[in-house]
Amino acid sequence: MSRYLISGGRVVDPASGRDGHADVLIAEGVVAGVAERIDAPDAERIDASGAVVAPAFVDMHAHLREPGREDEETIASASAAAACGGYSAICAMPNTDPVADSASVVEKVWRAGRAVGLVEVVAAGALSRNLEGHKLADLGEMAMSPARVRLFTDDGNGVQNSLLARRAMEYLAGFDAIYAEHCEDAALAAGGQMHEGERASVLGLRGIPAEAEEIMAARDIALAKLTGCRLHLLHVSTAGTVELVRRAKAEGAAVTAEATPHHFTLTDAALDGYDPNAKVNPPLRTGADRAAIVAGLADGTIDAIATDHAPHAPEEKDQELTYAPPGIAGLETALGLTITELVAPGHLTLMQAVARLASTPASILGLDGHGGPLAPGAPANVVVFDPHGSVTVDPARWASTARNTPFAGRVLTGRVLHTFFGGSETARDGAPLGAAVDA
Amino acid sequence: MIKHLLSMDQLSAGDITHILDTAEQLQGVTDRPIKKLPTLRGRTVCNLFYEASTRTRISFELAAKRLSADVINFSADSKSSVAKGESFKDTAWTLEAMGVDAIVVRHGSSGAPQQLSQWATASVINAGDGAHEHPTQALLDLFSMRQRFKDLSDLKVAIVGDIVHSRVARSNIKALVTMGAAVTVCGPPTLIPPGVRSWGVEVSYDLDAILVDLDVCYVLRVQAERQSEQLLPSLREYAALWGLNSKRLAHLPEHALVMHPGPMNRGVEIAADVSESPRSIILDQVANGLAVRMSLLYLMLGRTDDAEVAAGVTGA
């Protein structure tokens, strides 16, 4: 196995609190040393001067489309995209075909991820059978399977039936598993194309009110308190939800939350040209919502930055806005948007950004060996990125099969230079490494 | 002149006046024994209609033919490519490949004409998109108002009914506000869009209270499915509270006009005797649609240096 000496970089490692210049030696798949100066003449030297060396990122929320829609993305292509984006672990949402609602499907996804070997593919399980919201999925069997499912969600749908939500939480609490909700009251959101408000009115598009999210977030927080279950709120999009989470945390509820780069970057103004690539669920909201999400990320109310990577075939996005499916592919733009929108303007420190991208999501998912600390003996899941380097978003060059992004052509600050997973270099300067892909 | 007409946002008061003035001149053509001008000879206009329409499609077709353009009609409800599942974009490219000069598009999806304008090099004219806009309807409505009132800038206009789902309301509000008219939208709160005051209009839920001070009462179609969407208790209740009946008509000032974009639900938003009263200019609206659409096609597609064309118009 190769040895790498990452020299001269600024180590930013939230789990150990380290923020300073150091060399990092990777050998035998683990971090072999972190010190001011390391001599390792036999190791491949990677010059990280001017760059940041951090625990590789962990995405709590990605749609890999396999099994079922391999034309849109596969576990292999999503893994490659994740490696290019600086990730060592991604959590695969269960809304596949067949749905990941049984041990056999989650195990298949997990094993396929291992076979690709570019990132750890963490399988999430469905809460309800076939995501229908009527009967519980095989929660315990998925939790006890080799895939060791920790996060359960009907993502794509909110659980409409409050009794099912309660029972799922009660049941999952026994496994110390996470109930993760796509907060959306289906009746209030029905037919909605974008955020309900002045812009939707002008554009003549049916809106999805902020309350469709907040009502379910409030219900789930109440049920989490009742049941003691760990609750994770997916893709928080409104100021009201941020405030609900802030209050729940102050009251000591076991609630965590994530936000996506598109929700902290864009507002519903992105729909002005009817661009189907800006159609996403939950929808892009107002400037006030966006500001609240940024503030929530800064004060830790929102624990994690998650991509909600949602690949779609070009012909599906190339339709009338009302027919196009919602979703944005985000694995290869997350760091750039985080630096550009959060760190460069001074909302988050680099340490906070790495915490939201890597260490906090790893700790929520209980992923040992990911998210740091970068300490001797720990698996070498490491990213090296240039926080000042610029990159023009060009989906044609992505490792992901998907091209659907509203950011095409945008120049972002923050460039992933090297990604290491288990001591192997999986991507270099935006391209997945062939040897690892073939493995 | 603009390349595409997608929204009334694109037109200034000066643009609107120019279009209406030109329509006035072109209207004379309709009264001639030979109702044709050679202006668009050799040009091809495609009517691309993804939603059923009678008056708008026929009006555009006739307008183009009066200007000597070749017209092709493509309707999604006929045995067309749509039935075979061809995408909107592929249809646009197909029309491009055949070299059409203008595409008049009606679509149920808001924004579809704007998307089409990004794919096609032909001029795109929005003939109604979802709940977004219907600019030529607004232009013909202004034309009809101007025939009676000369000056639009001091008009008091109420637009009554289902504002939230209405492309006619959006285009008319923009057009009227641009021309300096005072607009009130009126209807049940469930049919008034959020944030509507930012459009520069007043909001009222009480038709009787505003009737007495109007120059134009513009009534919108209310569809039966609004009941099943929990937006209305019943059409009967709607008619009682917001329907324009003869009793309400009597409270309108004597000079005030009644307008409706059609098709009407008589007995719901408008009583039959109101629609047929001398105060109603509903048929004028239909007739004026032709002149206004001729004017638009003439200004958007015509060659301004064509002496023959200029002579044809000024001689009208």
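Read-outs throughout are calculated quantities, based only on the coordinates presented, and are distinct from any laboratory measurement. Remember, predicted model here, so these are calculated numbers, not experimental data. Heads up, the Cβs are rebuilt from the backbone with ideal geometry, glycines too, and the neighbour counts pull from every protein chain shown.
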Point-charge dipole on Cβ atoms (K/R +1, D/E -1) for the stretch A:57-365, about Cα centre, debye to 20: 860
Descending principal axes extents, the stretch B:17-118, alpha-carbon based, whole Å: 44, 27, 25
log10 of Debye I(q)/I(0), alpha-carbon scatterers only, for the stretch A:262-307 at 0.15 Å⁻¹: -0.39
Antiparallel DSSP beta bridges within chain A, percent to nearest 5: 50
The stretch A:67-167, relative contact order in percent, only Cα pairs under 8 angstrom and at least six apart counted: 27
Nearest 10 degrees, 0 to 90: helix A:162-173 Cα axis against chain A principal axis: 30
From the C-alpha gyration tensor of the stretch A:222-294, square roots of 5λ in Å: 28, 12, 8
Between helix A:210-227 and chain A: long-axis angle, C-alpha atoms, 0 to 90°, nearest 10: 80
Exposure proxy order (Cβ contacts within 10 Å, fewest to most) of A:ASP185, A:ASP23, A:ASP176: A:ASP176, A:ASP185, A:ASP23
For the stretch A:251-363, fraction of C-alpha pairs farther apart than 17 Å, in %: 56
Shape box of chain B [Cα atoms, principal axes, largest first, Å]: 53, 48, 34
Chain A - Debye-derived log10 I(q)/I(0), Cα point model, q = 0.06, 0.10 Å⁻¹: -0.22, -0.63
Whether the stretch A:112-172 is rounded, prolate or oblate, judged on the alpha carbon gyration tensor where a/c under 1.5 counts as rounded: prolate
Estimated inter-spin distance, B:LYS3 and A:ALA408, nm [label 7 Å along Cα→Cβ]: 1.8
A:SER162 versus B:ASP90: modelled label distance in nm, points set 7 Å from Cα along the beta carbon direction: 4.8
Gaussian network model of chain A, springs between alpha carbon atoms under 10 Å - residue of A:SER104, A:SER201, A:SER128 with greatest fluctuation: A:SER201
Calculated from backbone phi, Karplus (6.51, -1.76, 1.60) coupling profile of the stretch A:245-256 in Hz, x at Gly/Pro: 5, 4, 5, 4, 5, 4, 7, x, 5, 7, 10, 10
The stretch B:196-254 - Rg and Dmax from Cα coordinates, angstrom: 13.0, 38
Estimated translational D of the stretch B:135-282 in µm²/s (Stokes, Kirkwood radius over Cα pairs; 4 °C; 1.567 mPa s): 86
Max mean-square fluctuation residue, GNM over chain A, Cα-Cα springs under 10 Å, options A:ASN404, A:ASN381, A:ASN161: A:ASN161
Residues with amide H under 5 Å from that of A:HIS232, placed H, sequence gap 5 or more: A:TYR179, A:ALA180, A:GLU181, A:THR256
Mean residue ellipticity (222 nm) of chain B, computed from DSSP H runs ≥ 4 via -39,500 (n - 2.57), nearest 500: -12000 deg cm²/dmol
Those residues of the stretch A:59-99 whose amide nitrogen sits under 19 Å from the label point placed on A:SER16, 7 Å along Cα→Cβ: A:88
Contact order normalised by residue count of the stretch A:132-181, Cα under 8 Å, 6+ apart, percent: 47
Listed residues B:GLY42, B:GLY180, B:GLY130, most fluctuating in chain B (Gaussian network, C-alpha, under 10 Å): B:GLY42
The stretch B:135-282 - charge dipole about Cα centre, Lys and Arg +1 at Cβ, Asp and Glu -1, debye rounded to 20: 300
Cα pair distances exceeding 24 angstrom across the stretch A:1-129, given as percent: 42
Farthest toward positive dipole pole in the protein assembly as shown [+1 Lys/Arg, -1 Asp/Glu at C-beta], among A:PHE420, B:ILE125, A:GLY50: B:ILE125
Label point at A:ASP429 placed 7 Å out along Cα→Cβ; residues across the stretch A:359-389 whose backbone nitrogen lies under 16 Å: A:384-389
Flagged links, alpha-carbon separation over 25 Å, of B:LYS156/B:LYS247; B:LYS36/B:LYS156; B:LYS35/B:LYS174; A:LYS249/A:LYS279; B:LYS65/B:LYS89: B:LYS36/B:LYS156; B:LYS35/B:LYS174; A:LYS249/A:LYS279; B:LYS65/B:LYS89
Diffusion constant of the protein assembly as shown at 25 °C, which comes from Stokes-Einstein with the Kirkwood Cα-pair radius and 0.890 mPa s, µm²/s: 86
From phi via Karplus (6.51, -1.76, 1.60), per-residue ³J(HN,Hα) for the stretch B:200-206 in Hz, x at Gly/Pro: x, 10, 8, 10, 9, 9, 10
Rotationally averaged projected area of the stretch B:56-186 (alpha carbon convex hull; nm²): 9.2
Contact order relative to length of the stretch A:88-141, as percent, for alpha carbon pairs under 8 angstrom and 6 or more apart: 42
Crossing angle, helix B:167-178 versus chain B [Cα axis fit, 0-90 degrees, rounded to tens]: 90
